[in-house]
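Student: This is the structure, below, for whatever I ask next.
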Amino acid sequence: MTHPPYEPTLDCARRLDEADPLRALRERFALPRGGNAEPLVYLCGHSLGLMPLAARGLVMEELDDWARLAVLGHEHAHRPWIPYHENLREGLASLAGARPAEVVAMSSLTVNLHLLLAAFYRPSGARRRILIEAGAFSSDRHAVASQIAWRGLDPREALVELSPAAGTDTIPEETIEAYLEEHGAEVALVLWPGVQYRTGQAFDLGRIASAAHRAGCVAGFDLAHAIGNLPLALHDIDADFAVWCSYKYLNGGPGAIGGCFVHERHDRPRLAGWWGHEPATRFRMGPEFRPAPGAAGWQISNPPILAAAPLIASLALFGQAGMARLRRKSVALTGFLEYLLDRLAPEVQLITPRAADSRGCQLSIRITGPQGRGQTVFDALTAQGIIGDWRDPDTIRLAPVPSYNSFADVFRGAEALAQAVRRLP
Ligand SMILES: Cc1ncc(COP(=O)(O)O)c(C=O)c1O
């Protein structure tokens with residue numbers, strides 16, 4: 001977007017909203033309200049997305065079918081429960097840039113990560129390492145370190161964490177490529193985020209997958225902060241596997257069913273459960289495990305219907321809006337926020353990369369100066385009804401989400417931040 005060449009005002013933000021072809025989408029979400037019943041300025045979709053209004057009806061339908069049909073609902077519910085995950089397949093495949101058979105909604109993020117690491121992390125000989133980013137989300141690090149230890153190896157040797165260069169926050173793809181060129185023969189698997197949760201940096205996953213494959217390594221991705229945020233092309237970039245949660249940009253609700261992608265070229269030994277058995281013979285309950293084709297064959301348990309129903313509502317909205325249009329608006333919204341935050345330099349410092357290709361919705365900032373100022377500013381924002389979040393030691397994360405945030409939201413958020421910064425001693 002081109003920045004307005006004048007002092008930005010709430011009116012100018014409203015004019016941007018009037019010109020927004022997706023403005024009506026906001027009405028399809030429940031907007032949280034503060035104590036005064038005024039809508040909050042919700043800039044926290046990177047943590048928990050808002051509820052699509054249609055989610056309530058879909059959950060109620062399942063409760064009603066449970067009440068009405070009990071066990072018969074497995075086959076006779078409006079949306080029968082046995083093949084329930086199929087309701088999510090096309091929408092997820094479209095967002096993941098995958099063939100429908102390559103994705104499945106199942107379980108939750110860290111569990112899915114464990115299941116896929118169990119199958120894809122095959123240390124042998126000198127090739128034992130897993131490469132991740134320094135400062136990875138704690139659960140990912142725990143999963144990876146425990147997978148290494150589970151195989152009798154030492155995470156202090158086999159877990160490699162790539163850091164940003166001194167004095168910087170982000171990791172250029174060149175750093176990953178250079179590491180793999182030099183040490184790739186010792187790396188079994190690269191696990192990389194689509195968007196880094198703290199910095200908001202988005203990565204060129206195609207480059208990372210190619211670099212991993214050139215070095216003979218498996219390329220797996222954690223898309224918790226990427227799916228529904230950025231266009232993805234997992235099939236075409238030849239990713240081996242990916243996992244995600246559905247409660248952030250996918251607006252699936254707290255604890256919503258997670259998801260995974262397994263490239264169609266992979267059919268390998270896995271940890272199995274009955275729901276991954278091919279459906280035609282699953283209920284014969286035989287001793288042999290015969291996997292369903294594709295990612296569906298990686299399921300373990302029957303799906304949590306009540307934690308999956310809201311995602312149907314959300315994926316329908318993604319389908320109507322289209323990821324290309326959402327992304328166009330997202331680049332403009334986040335660019336508008338960046339423009340307003342830059343007016344608060346040097347107190348407010350941007351951590352997230354400035355190039356639109358290297359970020360999604362989220363901007364991460366730090367407040368410069370003595371320790372404690374960041375937390376003070378964050379608390380002031382919250383008190384003003386601006387909902388972002390704080391990540392230790394010094395980061396405020398704000399994410400305008402194109403489905404339900406407006407330019408006016410961004411303006412109000414930045415204004416509250418400006419006031420909080422002005423009030424600092
Ligand atoms: C990057 C990342 N990994 C892992 C998790 C943990 O997810 P879950 O509790 O669904 O396993 C999160 C949750 O926010 C996350 O952002």
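Student: Please find, among Leu337, Leu250, Leu317, the residue that is within 22 Å of Ala226 (Cα to Cα) and touching a Lys or Arg at 6+ places or on another chain (Cβ under 7 Å).
Tutor: Leu317
Student: Scan the stretch 118-130 residue by residue and report those that are surrounded by 15 or more Cβ atoms within 10 Å (Cβ to Cβ), aliphatic (A, V, I, L, M) and closer than 24 Å to Glu181 by Cβ.
Tutor: Ile130
Student: Continuing with this model, one more query. Only one of Gly286, Gly255, Gly220 is at pLDDT 95 or above and under 20 Å from Ile132 (Cα atoms). Can you tell me which?
Tutor: Being at pLDDT 95 or above and under 20 Å from Ile132 (Cα atoms) holds for just one of Gly286, Gly255, Gly220, which is Gly220.
One line per residue, one yes/no per condition, for (1) part of a loop (DSSP other than H, G, I, E, B); (2) farther than 28 Å from Arg325 by Cα; (3) not basic (Lys, Arg):
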{"position": "Ala185", "(1), (2), (3)": "no, yes, yes"}
{"position": "Arg198", "(1), (2), (3)": "yes, no, no"}
{"position": "Phe221", "(1), (2), (3)": "no, no, yes"}
{"position": "His235", "(1), (2), (3)": "yes, no, yes"}
{"position": "Ala239", "(1), (2), (3)": "yes, no, yes"}
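Student: Let me ask something else. Criterion first (open to solvent by less than 20 Å² (accessible area, probe 1.4 Å), more than 27 Å from Trp275 (Cα to Cα) and of a type outside the set (A, V, I, L, M)) does Glu102 satisfy it?
Tutor: On the way: open to solvent by less than 20 Å² (accessible area, probe 1.4 Å): yes; more than 27 Å from Trp275 (Cα to Cα): no; of a type outside the set (A, V, I, L, M): yes.
No.
Student: Here's another thing I want to ask about it. Since Ala215 meets every condition but one in (1) within 16 Å of the ligand (Cβ to nearest atom); (2) farther than 16 Å from Leu113 by Cβ; (3) open to solvent by less than 40 Å² (accessible area, probe 1.4 Å), which condition does it not meet?
Tutor: Failed condition: (1).
Student: Report, ordered by the first and then the second residue, all pairs with beta carbons closer than 6 Å, sequence separation of six or more or different chains, a first member in the stretch 212-223 that is in contact (Cβ under 8 Å) with a residue 60 or more places away in the chain, and a second member that is within 16 Å of the ligand (Cβ to nearest atom) and in a helix (DSSP H, G or I).
Tutor: Asp222/Asp140
Student: Here's a follow-up. Take the stretch 34-49 and flag every residue that is within 16 Å of the ligand (Cβ to nearest atom) and buried (at least 22 other Cβ atoms within 10 Å of the Cβ).
Tutor: Gly45, His46, Gly49
Student: Conditions first: (1) outside any loop (DSSP other than H, G, I, E, B); (2) hydroxyl-bearing (Ser, Thr, Tyr); (3) touching a residue at least 24 places away in the same chain (Cβ under 8 Å); (4) surrounded by fewer than 13 Cβ atoms within 10 Å (Cβ to Cβ). Thr281 passes all but one, so which condition is the exception?
Tutor: With respect to (1) outside any loop (DSSP other than H, G, I, E, B); (2) hydroxyl-bearing (Ser, Thr, Tyr); (3) touching a residue at least 24 places away in the same chain (Cβ under 8 Å); (4) surrounded by fewer than 13 Cβ atoms within 10 Å (Cβ to Cβ), Thr281 is out only on (3).
Student: Please find, within the stretch 131-158, the residue that is most open to solvent (accessible area, probe 1.4 Å) out of those that are more than 22 Å from Glu181 (Cα to Cα) and of a type in the set (Lys, Arg).
Tutor: So, considering only residues that are more than 22 Å from Glu181 (Cα to Cα) and of a type in the set (Lys, Arg), the one most open to solvent (accessible area, probe 1.4 Å) is Arg141.
Student: Whether any residue in the stretch 175-183 is surrounded by fewer than 19 Cβ atoms within 10 Å (Cβ to Cβ) and within 16 Å of the ligand (Cβ to nearest atom) is what I want to check.
Tutor: Checking the stretch 175-183: not a single residue is surrounded by fewer than 19 Cβ atoms within 10 Å (Cβ to Cβ) and within 16 Å of the ligand (Cβ to nearest atom).
Student: Of everything in the stretch 54-80, what is open to solvent by less than 90 Å² (accessible area, probe 1.4 Å) and touching a Phe, Trp or Tyr at 6+ places or on another chain (Cβ under 9 Å)? Give them in sequence order.
Tutor: Result: Glu62, Asp65, Gly73, His74, Ala77.
Student: From Ala256, Ala272, grab the single residue that is touching a residue at least 12 places away in the same chain (Cβ under 8 Å), within 16 Å of the ligand (Cβ to nearest atom) and either touching a Gly at 6+ places or on another chain (Cβ under 8 Å) or of a type in the set (A, V, I, L, M) (or both).
Tutor: None of the others qualify; the one that does is Ala256.
Student: Please list, ordered by residue number, the helices (runs of 4 or more DSSP H) wholly in the stretch 55-164 having 2 or more residues that are in contact (Cβ under 8 Å) with a residue 12 or more places away in the chain.
Tutor: On the way: elements: 73-76, 86-96, 109-120, 138-150, 155-158.
So the answer is 86-96, 109-120, 138-150, 155-158.
Student: Pick out the one residue from Ala256, Ala209 that is buried (at least 23 other Cβ atoms within 10 Å of the Cβ) and within 24 Å of Pro164 (Cβ to Cβ). Write out each step before concluding.
Tutor: On the way: Ala256 fails: within 24 Å of Pro164 (Cβ to Cβ).
Selected residue: Ala209, the only one of Ala256, Ala209 that is buried (at least 23 other Cβ atoms within 10 Å of the Cβ) and within 24 Å of Pro164 (Cβ to Cβ).
Student: Testing Gly200 on (1) among the small types (Gly, Ala, Ser); (2) open to solvent by less than 10 Å² (accessible area, probe 1.4 Å); (3) on the phi < 0 side of the Ramachandran plot; (4) within 16 Å of the ligand (Cβ to nearest atom), one condition comes back false. Which one is that?
Tutor: (3)
Student: Follow-up question, since we're still on this one. Considering each of Leu31, Leu10, Leu95 in turn, give the residue that is open to solvent by less than 30 Å² (accessible area, probe 1.4 Å), away from the ligand (no atom under 16 Å from the Cβ) and of a type outside the set (D, E, K, R).
Tutor: Working: Leu31 fails: open to solvent by less than 30 Å² (accessible area, probe 1.4 Å); Leu10 fails: open to solvent by less than 30 Å² (accessible area, probe 1.4 Å).
When all the criteria are applied, what remains is Leu95.
Student: Which one of Val187, Val111, Val160, Val144 is within 16 Å of the ligand (Cβ to nearest atom) and in contact with a Phe, Trp or Tyr (Cβ under 9 Å, 6 or more places away or on another chain)?
Tutor: Val144
Student: Could you list, in sequence order, the residues of the stretch 238-253 that are open to solvent by 30 Å² or more (accessible area, probe 1.4 Å) and in contact (Cβ under 8 Å) with a residue 60 or more places away in the chain?
Tutor: Tyr247
The values are calculated or read from the model by the stated rules, or taken from the named source; none is laboratory data. For clarity, every value in this text was computed on a predicted model and none was experimentally measured. Cβ atoms come from the backbone with ideal geometry, glycine included; neighbour counts cover every protein chain shown. All accessible areas refer to the heavy atoms of the entire protein, side chains included, with ligands and DNA or RNA removed. Shrake-Rupley method; radii C 1.70, N 1.55, O 1.52, S 1.80 Å.
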